[in-house]
Amino acid sequence: MLKADKKKKKKEGANPQGIVAKGNALRSAVVLGLLVALVPALLGFTYLLLLRDPTVNNQQLSRVAESFAAQQATSIQRVLTGMNERLAGAARSPLALQAIANELGQDIALVEQAMLDYFPEAISLRLLPMGEMGTADFEGGNQGLRNHIEVDLVRRAGKGEPTVPESYKFEGRWLSSIAQRVAHPRIEDRQAVIIATVDNQLLVDSLQSLDEAGGKFEVLQYLAADTASGPQNVIAKRGSSSDKGADYTATVDIPGTTWRVSFTPSDSLIGDLAIPAGGQLAVMALVVLGMLGGMALVLIRFPGTLAQQIDKVIAAADRKSPLEVSVPELVTIAKQLRRATLRTLRQSSPASPEQPVVEFSEAPAGDDLTNPMFQSANILDNDEESLDLDLSAGGDTAAPVTPSVAGFPDHIFRAYDIRGDAQSELTDELVAKIGGAIGSIAGEMDEQTMIVACDGRTSSPRIKAALIKALMESGRDVIDIGLVPTPLLYFATRHLNCHSGVMITGSHNPAEYNGLKVVMKQQTIAAGGIQDIRERVLSGKFKKGTGRMIREDVVPAYIEEVVSDIAIAVPLKMVIDAGNGATSRIAPELFEDLGCEVVPLYCELDGRFPNHTPDTSNEDNLTDLVAAVQAEEADFGVAFDGDGDRLAVVTPSGQIIRSDVLLMIFAEDVVSRNPGADVVFDVKCSRNLTKLISRFGGRPVLWKTGHAFMKEKMQETGALLGGEFSGHMFFGERWYGFDDGMYAAGRLAEILSTHGHSLDDTLANYPSSVNTPEIIIPVPESRKFELIQKITAEADFSTGKVNTLDGIRVDFTDGWGLLRASNTSAAFTARFEADSEEALETIQAEFRAQVALVDPDLELNF
């Protein structure tokens, strides 16, 4: 009893907290991993051995049998063709023609004997003159022919009907006869039929080119020439096979006959073509041994590595030096140990707490997100009791942060993007909260990875850095595709294994502005989604986690896909005005690869936009492009806005094509290949567009202005084409349905090069009208939506047809007018179209009068 008590006390003293090791979790995990790896591998090899290999064997045998049969069919056809050609030549010989002309039996017999000298393979040859009754002379006898088959063959040849070789059994052996009609070239009533007969041993001899051990060849004559399932005779054969080879029998027709050649492989050939299983079994054994060896190495090496890491954590717990933790699972332990150490230090010697510093290691470009090395963090030894950033890998946890509502720029959350002054409104603090909101919402939608890109504005790198950091802190992984046009972000959500992303761009706005366009599950989020982000920012309820980042270059893949889709038949000369925006580098390269001669204009990337603002809908910004197109005598010119999702086009004569007219060109092209297709366009477009789409055979669909709204409507209707008056063009035919100015310019080049007409001549085919460009009317951001609702409700346009889908559009008999609140700026936008200048002025006057009744203080500039 005394010894037992001592042992018990010793055990308790060595382990006062009662901590014991129960089982070995590492070994269990390794065994489970081995099973998870082995089972699919064994199932794969089983599939190869039991299912795939037999199928491959069967397919290979079938192909070989068909190839052998086809070779022999060709060989027999060659023999028959040679006989027919020599028979025709003999029939045209002077000797044969003289015998036919004289109709002397003695001469004919001599001719027959002479012809036999040219047909050593024939066992008989007859020259049968036809009398005035043709083959009716045979009624009294068969003229020495062997049977009714030869008689019928001569009858059909004599009538000029097509004939084929016929086989029959005569005196115990198979013979084949061919017949041909002979006509004297100068005496119309002198005609005859030549019939030659060969022994079918000739066919057997032609089958001797292959080894008999390979299988059995048969020449079959079908009595019903139109079906392979009718009665048949074996007229020649060679070789042998077994019942096993019957499953692989292949049959091939001999052209110009009612014969077919069949081949049945022998057992030896089947064995020679079989795929041996020994190699696969050896590979399977190596795979299993490799897995077992790898697991054994893990079991041997990992415990030691883990022990070293734990020793480092323990040794550095009470020192004021950084601790690098390279095993993510130890981060939580390190934090808890550091906290416990700090508590002990405070109890003995209180000190003022300091804020923690957390440094994330950024993944090198092109490296795998799943690499554990990218999950490391450096924890500096400060008071982590105040740490509110959870570094645990993987899961998301809610951590509310309450933002200050006072001074919150609510107006930057617009209908389909976030946009504001880059310095005063899109601060790093607000961008971080927006990134946290986007990352949290993405996590709730099971979108682990987000693609991030930016345009060339001077503020974009700063905003992108703040956004990426916030996304990673929300637990999202990030793929940075760099400085690219907005369409390449949309393309990346289709090309990469990631369907969500954020584009940092101020689009067509001046250089001091910037913003964010958000894509979730390949859809640009509109008003509802933007408001969800705003509400999440205000609530401060963000997910927390640790994300990782890689960089990816999608430009080569984008150019390759566009070039493979668009075919430009005739090289065109074009001027490209990139406006110093995001398309400056990629657009000239793309169109040179498409085969165009490119004249670049303002294609030097400069986020200050020194030459003109990047708004292609403002025709004043296209003045230099018009001059360059005319000076260069180019086929056309294109301009892209700051982020490349809008397009403007100029003709060789310098005419600026309004986007609704450009959409007419695209609609005619797309609908011509897809009758009945839907074409979506916004309320600012000409009503001539509606008429033309219907005339082309399509279905016009009028919808709200806004690229996000347009994409939603295209997806809803399945439309193959869409366009906005602002220059956004959406192709659902051959492309992905997102707005892409460069792709739209490529489609225009394809149309011009294919049809062969100049752009000015093409426009002449479409109806013209008197119309205005988009008119911008400054209105305070806080009033614009309320005021447009009031005008819509109180204005009286009883003389026209009112449409309130987006603002107020009124259609009159001789034109229409539109007034709506802009989704992207503090303004109203207006547009008018009419059949004449007088009608246009009348419609504008009607709008001025009605707006003045509702708000006399609103200054209208039309």
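The values are calculated or read from the model by the stated rules, or taken from the named source; none is laboratory data. All of these numbers come straight from a predicted model, not from anything done at the bench. Glycine gets a Cβ as well: all are built from the backbone with ideal geometry, and neighbour counts include every protein chain shown. For accessibility, only protein heavy atoms count, side chains too; no ligands or nucleic acids. Shrake-Rupley method; radii C 1.70, N 1.55, O 1.52, S 1.80 Å.
Heavy-atom surface analysis with a 1.4 Å probe gives the stretch 711-862 a carbon and sulfur content of 49 percent of its accessible area.
Which pairs, out of K159/K237; K691/K711; K541/K684; K684/K784; K517/K544; K713/K784, put more than 29 Å between their alpha-carbon atoms? Going by Cα-Cα distance, K159/K237; K541/K684 fall outside the 29 Å limit. Rounded to two decimals, the Cα radius of gyration of the stretch 581-658 over 2.2 N^0.38 Å is 1.02. Peptides 285-291, 849-855 ranked from most to least packed, by the mean per-residue count of other Cβ atoms within 10 Å: 849-855, 285-291. Ligands, DNA and RNA left out, the 1.4 Å accessible surface of the stretch 452-523 is 53% carbon and sulfur atoms. Think of the stretch 541-649 as having a plus end and a minus end, set by charges on the Cβ of Lys, Arg, Asp and Glu; of M549, N580, L605, M549 sits farthest toward the positive end of this dipole. Working value for the stretch 460-596: equivalent-ellipsoid semi-axes of 32, 17, 14 Å, each the square root of 5 times a Cα gyration tensor eigenvalue, largest first. With the highest mean first, a sort of the peptides 764-770, 460-466, 811-817 on other beta-carbon atoms found within 10 angstrom per residue produces 460-466, 811-817, 764-770. Using Cβ point charges alone (K and R +1, D and E -1), the dipole size of the stretch 464-563 about the Cα centre works out to roughly 520 debye.
Along its principal axes, the stretch 63-132 has C-alpha extents of 56, 26, 17 angstrom, given from the largest down. Picking from W703, Q715, T690, whose Cα lies most toward the positive end of the charge dipole for the stretch 681-730 (charges on Cβ: Lys, Arg +1; Asp, Glu -1)? So the residue we want is T690.
Using the scaling law 2.2 N^0.38 Å as the reference, what is the normalised Cα Rg of the stretch 534-638?
1.49
A 1.4 Å probe run over the stretch 609-683, with the rest of the protein chains in place, finds 31 Å² accessible per residue.
Under a 5 Å amide H cut-off, with hydrogens placed 1.01 Å from N, Q448 pairs with nothing among residues at least 5 apart or on other chains.
May I ask for the percentage of alpha-carbon pairs in the stretch 634-704 that lie more than 20 Å from each other?
Working: 924 of 2485 pairs.
Of all Cα-Cα distances in the stretch 634-704, 37 percent exceed 20 Å.
Listed highest first by mean packing, meaning other Cβ atoms within 10 Å per residue, what order do 446-454, 828-836, 294-302, 619-627 come in?
Averaged packing, sorted descending, gives the order 446-454, 828-836, 619-627, 294-302.
What the phi angles of the stretch 839-856 give under the Karplus curve with 6.51, -1.76 and 1.60, with θ = phi - 60°, is a coupling list of 5, 5, 5, 4, 5, 5, 5, 4, 5, 4, 5, 5, 5, 4, 5, 7, 9, x Hz, glycine and proline written as x.
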